[in-house]
Structure formats: structure tokens, C-alpha cells
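Below is one structure, written out as C-alpha cells, with a few remarks after it.
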Amino acid sequence: SGGSWMRSFSESRVGRGWALAAAAVLLAAQPLGAQRVVMLPAENLSTAAGAPGLVVPLIERQLAERGWRVVAGPEVEAALAHARVRRMDSLGAAVRERLAADLQADAYAASTVLAFRAEAIPLAAVALRLVAADGRELFGGAVALSAEDTRGALDQTPRESIGPLVERAVDSLSRGLPRPGEAPARRPPAGTPMRLAGPSTYRSAALDALAPPRLVAVLPFRNLTRVRDAGRIATQLATGWLGQLDGFATVEAADLRAALVAEGVRDVHEIRPEQMRALGQRVGTGLFLRGTVYEWKSEPPAGSDVAPPEVEINLRLVDVGASRVVWGSHLERRGDDYRRLLGLGTVSNVVALADRVLGEMIARGPGS
């Protein structure tokens, strides 16, 4: 209810106020010669309008602690409005270069609130990318943390409220954020537990014949579930994992969206082969990752081991120039598939489960 949300949000005001104050002190203390990073407003896929206000200051603080000089606020918003940027998860090459020139930026940071829940069992799911002015991805990752994850198997202490939970999620997400001038950080691949079978995978030798870096355009996934944003969240998570693989790079989502508009593609799931080839010419690659989300079952609101989250996803990497599938994978998992002794290891929420599933699939597929 609205009252419950306001109470939960009020509980977080102390943590949020501390984060804002700490970020302001750190930003002010940065040397004038430090490399500048533009902090984009957060993309918000949740129904909680206040979620970005909790997340963004914490990310700014993490960047400042690592020596970046963060550029945010009205200056950035004015530049984005002038460039007519509507989606904040990605910047096209032309816009990125313009912002780098107008704001003297060395990089930009794009965050997405993938899911957010303040009531019942609080949940915070956030993705973050750090991209250099020349387009190199310096950092990418996602974290989905439920209040259930803050307690041990036999722990009866109260669950964390949303404010502390968001801080914990952003702290976990930011591990590995590089300092200015450091090499790009790589997210460790997701492993498959020994007692579980790996993803069902097909891999053509033709993929090895393609010279790296293999540039891949990730088309929006088909969503066959009743959860509105399941396909969009899965697309972003898969893009993040693929961008971390050695020998692979991904087309910026903003550039792909512009190419789809230019080619008059209204439904990517009904795209014709000739349209795919035309898209490939626009974005500079013939490799397209296509995905389908078959199952996206959230945990029950009260939390229960009886009905854990479930995810089922299919992926195909298509070489449109050769009209062939060079890699494919299918995987279905439940949150309790990862349970170990005393119930530890269970994945408590559907976003974290999807991230784990996609990490397993991609780590054991294109990059193997």
C-alpha cells in the first residue's frame, strides 16, 4: 500500500541522507585534474519512483571513493535533453562523443534499477556499466539482493529494511570498479555447481573461425511470460555477461535501437533475413544474439522454500551473413537448485536467478 511504501521509504531516509552527505564531501574533495565520469540518471524498470533516489547517490559515492570526479545533476540533464536522449541504459557513439566534448568527460556511468521492493521482504536489483569516452567497457555487473540474503540459515534477527539493503547491494555491485587509468574490470564467469548438469548447449566450429573481437548485437528478448519486464531484464543481464567475455564485444543498445528505427523494424521477433543483414551493415556486425524467456516465476511475497523462483531461457547466436546458428543454449533452473548444507546457497529472488542462469549459459558457450 502507499502508506507502507512511505513508511519503508522513511526508514531509509537516514541511510540515504548519510549517503548523499558522504557523496557530496567526496565529490568536493576530488582533485580538479581527476578523470571525469558523467553519472547518467538511472533507468528504472521497477514500479518504485523513489528507487533511483536511493541508488544513484550510493553509486556516485563509490565512484568518488575510487578517484573519479563525478559530473551529475542539472549540467548532465541539460546535455542529455539537448541530445534528445530518452533511454539511460546506453549512449550511442555520437551522443557519447558529444557528451565527452561538452562535459570534458572521460567516461560515463549508466545504472538500471532492475527490480525494487520496499515492503514485505525488501528487494534491490541494480545493474551498472562504466564506459570510457572511446566506447571501451571499463566495468559491468548486476546484483539482486533480497532481505532474505542478509540472514543466515539459522538467523532469527529481523530482515534489513530497504535503505541498508540498497547500500549493501551497491557495495557488492561496485566491487571491482576500476580507478581512473586502471585496466577494465572483468566479472568472473558463473560456474555450475558440481551436482547440477550444465546448460544444454550447441556450439559450431564456425564460431572459432570468426576473428576476435567478435562484435555481437543483442536483440530484445522475446518474453513469453506474464511478467512485463522479464524480457527486458534478461536482455540487459545477458548483454552484461557477453560484454565480459574475452574476445567478444557488444553493440551499444542505443546504436542498435537507432538502427532498428532506421530500418523500420517494428517487431524484432518477426524480423526478416534481409532486414537482419541491413541491420548488420548499420551496426557493423553479422552476429546477433536472440533470446526467449519461457519462465520467470518470482518468489511468493512472504518468502517460502515451497515455491522458489524459477527461470527458463533459450539463447541463439546467429551469423546472418552465413545464415546459420553458431551457438545455442537452453537452461531451466529453480532457486533451490543451488541449495547446499543448512539451506545455504539458495537463490532467493528471480532477478538473481536469471543472472545466475545467463552467466552459466554464456560462460559455457561462446567463450568456452
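The values are calculated or read from the model by the stated rules, or taken from the named source; none is laboratory data. Everything quoted here is computed from the prediction, not taken from an experiment. Note that each Cβ is placed from the backbone with ideal geometry, even for glycine, and that neighbours are counted across all protein chains shown. For accessibility, only protein heavy atoms count, side chains too; no ligands or nucleic acids. Shrake-Rupley method; radii C 1.70, N 1.55, O 1.52, S 1.80 Å.
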Where the convex hull is taken over the Cα atoms of region 130-234, what is its projected area averaged over directions, in nm²? 11.8 nm²
Amide H of VAL70 versus every other amide H placed in the peptide plane: which residues, excluding those fewer than 5 positions away on the same chain, fall under 5 Å? VAL37
Once amide hydrogens are built 1.01 Å from N within the peptide plane, the residues lying 5 or more places from TRP327 or on another chain with amide H under 5 Å from its amide H are SER204, LEU317
Per residue, how many Å² of accessible area does region 236-285 show with a 1.4 Å probe? 49 Å²
Return the long-range amide H neighbours of MET88 (sequence gap of 5 or more, or a different chain), with a cut-off of under 5 Å between placed amide H atoms. none
Simple SL model, points at 7 angstrom along Cα→Cβ for ASP171 and ALA206; separation in nm is 4.9 nm
Which whole-Hz ³J(HN,Hα) couplings does region 218-228 yield from phi under the Karplus relation 6.51 cos²θ - 1.76 cosθ + 1.60, θ = phi - 60°, glycine and proline marked x? 9, 6, x, 5, 6, 10, 9, 9, 8, 8, 3
What Rg and what Dmax come out for region 197-351 when only alpha-carbon atoms are used, in angstroms? 17.3, 54
Evaluate the distance, in nm, between pseudo-label points positioned 7 Å from the Cα of HIS82 and of ALA120 along their respective Cα→Cβ axes. 4.6 nm
Compute the length gained on full extension between TYR294 and ARG340: take 0.36 nm times their separation in residues and subtract their Cα-Cα distance, giving the result in nm to one decimal. 13.9 nm
Probe radius 1.4 Å, ligands and nucleic acids ignored: give me the carbon and sulfur share of the accessible area of region 198-351 as a rounded percent. 51 percent
Under 25 °C and 0.890 mPa s, how fast does region 227-268 diffuse according to Stokes-Einstein, given a Kirkwood radius computed over C-alpha pairs? Answer in µm²/s, whole number. 209 µm²/s
